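Mind looking over this structure? Questions follow.
The values are calculated or read from the model by the stated rules, or taken from the named source; none is laboratory data. Everything numeric in this text was worked out from a predicted model, so none of it was measured. Note that we place each Cβ from the backbone using ideal geometry, even for glycine, and neighbour counts take in every protein chain shown.
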Amino acid sequence: MFVNNAGMSLNGGTLENSASEIEAIIALNITAAARLAIAAGKAFGARGKGAIVNIASVLALAPEQFEGVYSGSKAFLLNLSHALAVNGREKGFHVQAVLPGATRTEIWERSGKDIDAFPAEMVMSADDLVDAALTGLDRGEEVTIPPLADEGQWKAYYAARLAMGPNLSRRDVAERYRASEAV
């Protein structure tokens with residue numbers, strides 16, 4: 001089993017960070033995560049068994065709620081997990097993306113944020129997150145969202161995304177984008 005729990009956050013908004021800070025978060029949250037998950041996938045595929053657990057974030061689905069580089073890096077990890085899950089099903093290993101909300105971990109202090117500034121009802125304990133992630137893994141979930149009570153919301157979101165698939169690459173511009181003739 002490979003668990004990718006490495007990650008960092010930035011202090012402040014996207015436009016308030018330096019180029020080197022942006023490079024650092026991309027290097028850890030995207031480049032390192034991708035290289036390690038892909039290496040694990042290759043090894044597990046060769047063995048025909050194994051599991052990859054990528055800890056992403058609910059912000060992968062809600063980029064407006066936080067700074068864009070962090071949420072974008074977690075969206076990348078979710079997308080990578082989806083793609084690896086397809087390969088994993090073919091080669092005998094499982095891939096799970098876990099999308100926690102605010103969780104009481106050291107990431108907050110390291111990024112200069114105060115987790116206690118959040119309403120207490122929004123902050124999950126790390127123990128509860130791990131228990132939920134393992135339950136999702138045992139159930140064979142490819143995406144586990146520990147704070148989401150209504151699984152139907154995720155299923156509807158996912159189904160809507162898949163329904164767009166056949167319409168995303170076409171020769172012709174959609175009618176709604178065609179220039180109308182001047183009167």
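Report, ordered by the first and then the second residue, all pairs with beta carbons closer than 6 Å, sequence separation of six or more or different chains, a first member in region 22-50 that is over 16 Å from Lys74 (Cβ atoms), and a second member that is part of a helix (DSSP H, G or I).
Every condition considered, the pairs that remain are Gly41/Leu84; Gly45/Lys91; Gly50/Phe44.
Next question. Please specify each residue of region 1-25 satisfying the condition of being among the aliphatic types (A, V, I, L, M), within 14 Å of the chain's Cα centre (by Cα) and closer than 20 Å to Glu67 by Cβ.
Ala6, Met8 - these are the residues of region 1-25 that are among the aliphatic types (A, V, I, L, M), within 14 Å of the chain's Cα centre (by Cα) and closer than 20 Å to Glu67 by Cβ.
Moving on to the next point. Where the second residue is among the charged types (D, E, K, R) and crowded, with 18+ Cβ neighbours inside 10 Å and the first is in contact (Cβ under 8 Å) with a residue 24 or more places away in the chain and under 13 Å from Ile30 (Cβ atoms) and lies in region 59-75, which pairs have Cβ atoms under 9 Å and are six or more apart or on separate chains?
Going by the 9 Å Cβ cut-off, the qualifying pairs are Ala60/Lys74.
For region 35-54, state whether one or more residues are modelled with pLDDT of 95 or more and within 8 Å of the chain's Cα centre (by Cα).
yes
In the set Ala19, Ala24, Ala43, which member is closer than 25 Å to Ala133 by Cα and of a type in the set (A, V, I, L, M, F, W, C)?
Values: Ala19 fails: closer than 25 Å to Ala133 by Cα; Ala24 fails: closer than 25 Å to Ala133 by Cα.
Of the residues listed, the single one that is closer than 25 Å to Ala133 by Cα and of a type in the set (A, V, I, L, M, F, W, C) is Ala43.
Only residues that are surrounded by fewer than 19 Cβ atoms within 10 Å (Cβ to Cβ) and closer than 18 Å to Lys42 by Cβ: list them for region 60-84, please.
His82, Ala83
Surrounded by 12 or more Cβ atoms within 10 Å (Cβ to Cβ) and among the aliphatic types (A, V, I, L, M): which single residue out of Ala133, Ala156 fits that description?
Values: Ala156 fails: surrounded by 12 or more Cβ atoms within 10 Å (Cβ to Cβ).
From the options Ala133, Ala156, the qualifying one is Ala133.
Suppose the filter is under 20 Å from Leu36 (Cβ atoms), at pLDDT 95 or above, assigned to a helix (DSSP H, G or I) and touching a strand residue (DSSP E or B) at 6+ places or on another chain (Cβ under 8 Å); does Gly88 pass it?
The answer is yes for Gly88.
Within region 18-69, track down each residue that is part of a loop (DSSP other than H, G, I, E, B) and either over 23 Å from Pro147 (Cβ atoms) or of a type in the set (Phe, Trp, Tyr) (or both).
Here is the first cut: in region 18-69, the ones part of a loop (DSSP other than H, G, I, E, B) are 18, 48-50, 56-57, 61-62, 66-67.
Within region 18-69, Ser18, Gly48, Lys49, Gly50, Phe66 meet the criteria.
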